[in-house]
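> Before we start, here is the structure in question, set down as structure tokens.
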Amino acid sequence: MNNCDIVKDLLPLYADDVCSGESRKAVEEHLNSCPDCKKELEKLRQNVSISPQKDGEVLKRIKRRLRIEKLAVGLISAAVLVFVLLGTLFYLINWDCSMDVERYDIPDNVYVTEWDGMLLFCVKGDAASFDFVFPTFSDSSGNHLSYDKEYDKDSKNGIGYTLKQRKISSFSYINFGNEYPFAYQIGTVEKLKEKNIEKIFYYDDVNDKEYILWESDHND
Ligand SMILES: [Zn+2]
């Protein structure tokens with residue numbers, strides 16, 4: 001590497017006045033004897049002299065870019081927030097869960113009553129704030145079979161009901177049942193006997209537990 005190369009490397013520092021004393025002296029000495037490097041320095045100084053304007057423009061561009069980035073980040077954050085809120089709302093409205101047996105006093109508030117040969121599944125009190133009644137079958141081996149799944153029709157011996165709520169309903173604890181108990185027609189006793197249904201029960205599907213509400217009289 002000859003002196004010119006070294007000096008050209010140092011020139012930008014020299015022009016910005018950040019050279020150490022020794023380097024500065026060396027550069028100055030070389031510049032006195034080398035018109036080539038002197039020209040190079042003049043070029044650098046010209047660039048420096050027009051740089052404030054350029055800096056302003058660059059700064060403006062950077063600021064604009066930062067503003068756009070901030071805006072983009074803001075928009076994306078807002079979109080994500082809306083998405084999460086809508087998802088939560090959708091989940092709360094649409095997904096159902098079995099009602100808490102203890103919280104709603106299910107065994108005390110759910111019963112089957114016989115009326116004119118018809119069996120009625122009744123719900124009163126806080127339990128009547130349910131949104132769906134979900135049926136289940138039981139078979140003679142004590143298995144519980146979801147209504148919509150395949151099951152052995154010949155071995156079924158009971159019908160169970162589970163009260164379900166939308167997730168959102170379980171937050172609002174509203175008591176409807178004391179004024180208007182809910183009653184659902186299960187069928188006539190005769191028809192249930194024909195179908196070999198021996199019992200009707202409330203089915204706590206969380207704990208896989210039956211609460212017997214009605215049993216057919218085998219002595220008939
Ligand atoms: Zn030189």
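> If we keep just the residues of the range 1-44 that are more than 11 Å from the ligand (Cβ to nearest atom) and in contact (Cβ under 8 Å) with a residue 24 or more places away in the chain, which is surrounded by the fewest Cβ atoms within 10 Å (Cβ to Cβ)?
By that ranking, first place goes to 16.
> Within the range 137-144, can one find any residue that is under 29 Å from residue 180 (Cα atoms) and open to solvent by less than 70 Å² (accessible area, probe 1.4 Å)?
Looking only at the range 137-144, we keep the residues that are under 29 Å from residue 180 (Cα atoms), and these are 137.
Narrowing further to those that are open to solvent by less than 70 Å² (accessible area, probe 1.4 Å): 137.
Within the range 137-144 (the criterion being under 29 Å from residue 180 (Cα atoms) and open to solvent by less than 70 Å² (accessible area, probe 1.4 Å)), the answer is yes, since at least one residue qualifies.
> Of the residues 154, 116, only one is more than 17 Å from residue 212 (Cβ to Cβ), at pLDDT 90 or above and open to solvent by 90 Å² or more (accessible area, probe 1.4 Å); which?
Exactly one residue qualifies, and that residue is 116.
> Working carefully through the options 85, 92, 59, 75, find the one that is surrounded by 10 or more Cβ atoms within 10 Å (Cβ to Cβ), among the aliphatic types (A, V, I, L, M), more than 23 Å from the chain's Cα centre (by Cα) and in a helix (DSSP H, G or I).
From the options 85, 92, 59, 75, the qualifying one is 59.
> What about residue 108, is it open to solvent by less than 100 Å² (accessible area, probe 1.4 Å) and among the acidic types (Asp, Glu)?
no
The values are calculated or read from the model by the stated rules, or taken from the named source; none is laboratory data. This structure is a prediction, so every number in the text was calculated from the model and none was measured. Cβ: placed from backbone, ideal geometry, glycine included. Neighbour counts: every protein chain shown. Protein only, heavy atoms only, side chains kept; ligands, DNA and RNA dropped before computing areas. Shrake-Rupley method; radii C 1.70, N 1.55, O 1.52, S 1.80 Å.
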